[in-house]
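Laboratory data are not the source of any read-out in this text; all were calculated from the coordinates shown. All values derive from a computational prediction rather than experimental measurement. Cβ placement follows ideal geometry from the backbone for every residue including glycine, while neighbour counts extend to all protein chains displayed.
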Amino acid sequence: MKLDDNQRQTVAKWIADGAKLSEVQNRLASELGIKLTYMEARFLVDDLKLTPKDPEPPKVVAPPAAAVTPPAATPAPAGAAPVADGIQPPASKVSVSVDQITRPGSLISGKVNFSDGQIADWYLDQTGRLGVVPKQQGYKPSAPDVQDFQLALQQEIAKLGYA
């Protein structure tokens, strides 16, 4: 597609103003009467050596950090794993168990009980993907439960010598 100098400048201005490729395609048709497919518009912009701008991500303002004083070190209860700086993580209501007989197609599998009482099967396949199959169809655990599950699973796998 051949454009005259005035049309090239117009397209360059649109791109400089932050227009997306689909907007350039629509404006070419509506304002200049040039109908192009999306791919043709893409080639046109490339031929003109123009690069559409990526939209700027929204700026996230971080809340001011409050001064946090660490709690006094307390001795670990009997049977608890020692934690750095003497601080114990909160007790999790998520429990993970490993199957004696591994699920077919998995490297390791087991069961998880979430804090709301829901039960699910979990497995780790040969490609390293973690799968969770809840007993109740459509169930999705809460985000804190997922984090607790991942930590508990990591600990169980480490106990077995996989990690």
Within the range 125-152, which residues have the backbone N less than 19 Å from the label spot 7 Å out from Lys93 along Cα→beta-carbon, could you tell me?
-> 135-136, 139-152
Mean-position separation - Cα centroids, the range 110-132 and the range 4-24, in angstrom | 52
Amide hydrogen neighbours beyond the local backbone of Ile34, cut-off 5 Å, H modeled = Ala29
Work out, step by step, the length gained on full extension between Leu160 and Asp121: first 0.36 nm times the residue separation, then minus their alpha carbon distance; give nm to one decimal.
-> 12.2 nm
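Could you tell me which trypsin sites (Lys or Arg not before Pro) in the range 1-45 are loop residues by DSSP with no more than 15 other beta carbons within 10 angstrom of their beta carbon?
Answer by residue number: Lys2, Lys20, Lys35.
By how many nm would the segment from Ile101 to Ala143 lengthen if fully extended, with 0.36 nm per residue of separation less the alpha-carbon distance?
Extending this stretch completely gives an extra 12.2 nm.
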